[in-house]
Amino acid sequence: MNLKTKKADVLIVDDSVIFAQGLVSLLEQYPDYVGSIQVAHNYEQALKALATATVNTLILDLNFESEDYNGFVIAKKVKTLYPKIKIIILTQEAKIDNYEVLFKHIHVDGYLDKQLGIEETLGALTAVMHNETYVDKNIKAMLEIGKWLNISRREKDVINLLSEGFTQKEIADNLNISSRTVETHIKNLTKKMEAKNTPHLVSIYTRYKNGNRESLY
């Protein structure tokens, strides 16, 4: 990729002055990736900067101390007013519900763990400037863990037995439910976990259960 032809003109929106200035100092060291850099610390400053400065990428914290707005509100407003602007969300806590709202409803472009280094931020900038979405590996792992934590008690019973080599009929007998119900649970789990098939589902679950968070897929 020719990074020199696709620089990010960045607006950082974070109510932490120290964090924002630290990020500015880091980004300034990479002129091949970043053109201009603006900073805003609240909703009003962000909208003013977008109206007066050249910005193609927003790096936005998800959490603000204000009771009137947060990163969701700002991101939604920006995508409504400036749909072509790329938005990279920074967060200290990845949640499945947040992910779904941000990507499926607000249509942000990137999602980063706020504690990661500059390399991850540059990777996200490169991706979004080439019209790709970007989710860092730590958040991906946390989101996959969250998927398993959110399954029902019965789904957990089914996948546990399935991973231990039980057939669908044996699972049905063991749990005192019908084979069709077992099949439905497996089908639902396969869809939730975006598995290709039942063996792939079992493989994902086994890696999750064994604690291999970084390579679930």
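Throughout, read-outs are computed from the coordinates displayed, never taken from laboratory work. None of the values given here were measured: they were computed from a predicted structure. Note that each Cβ is placed from the backbone with ideal geometry, even for glycine, and that neighbours are counted across all protein chains shown.
According to the square roots a ≥ b ≥ c of the eigenvalues of the Cα gyration tensor, what is the shape class of the stretch 13-107, taking rounded for a/c under 1.5, prolate for a/b larger than b/c otherwise, and oblate for the remainder? Here the stretch 13-107 falls in the rounded category.
As a proxy for reagent exposure, 52, 167, 91 were ordered by neighbouring Cβ count within 10 angstrom, fewest first; the result is 52, 167, 91.
Among 65, 93, the order by Cβ neighbours within 10 angstrom, fewest to most, reads 65, 93.
Neighbours of residue 83, meaning other residues whose beta-carbon lies under 13 angstrom from its beta-carbon, give a summed charge of +4 when Lys and Arg score +1 and Asp and Glu score -1. Excluding residue 129 itself, calculate the net charge of residues whose Cβ lies under 11 Å from the Cβ of residue 129, where each Lys or Arg counts +1 and each Asp or Glu counts -1. So the surrounding residues net to 0. From largest to smallest, the equivalent ellipsoid semi-axes obtained for the stretch 124-217 from the alpha-carbon gyration tensor read 31, 13, 10 Å. The calculated FRET efficiency for residue 104 paired with residue 197, based on their beta-carbon distance and R0 = 22 Å, is about 0.35. Calculated FRET efficiency, residue 36 to residue 175, Cβ-Cβ distance, R0 = 41 Å: about 0.10 to the nearest 0.05. Using bins of 10 Å that start at zero, the share of Cα-Cα pairs per bin across the chain amounts to 8, 30, 26, 17, 13, 6, 1, in whole %. Annotation: amide H-H contacts under 5 Å for residue 87 (H modelled 1.01 Å from N, sequence separation of 5 or more, or interchain): 58, 109, 110. Dipole magnitude for the chain: computed about the Cα centre from +1 point charges on Lys and Arg Cβ and -1 point charges on Asp and Glu Cβ, it is near 860 debye.
Each of 106, 177 has some number of other Cβ atoms within 10 Å of its Cβ, and from fewest to most they run 177, 106. Each residue of the stretch 84-92 was assigned a 3J(HN,Hα) from its phi angle through the Karplus expression (A = 6.51, B = -1.76, C = 1.60, θ = phi - 60°), giving 7, 6, 7, 10, 10, 8, 9, 9, 9 Hz with x at Gly and Pro. Between the stretch 64-86 and the stretch 106-131, the alpha-carbon centres lie 17 Å apart. Can you tally the net charge around residue 192? Count Lys and Arg as +1, Asp and Glu as -1, for every other residue whose Cβ sits under 11 Å from the Cβ of residue 192. Counting the neighbours of residue 192, the net charge comes to 0. Legend: residue pairs 77/192; 48/86; 114/137, Cα-Cα distance threshold 19 Å; pairs beyond threshold, 77/192.
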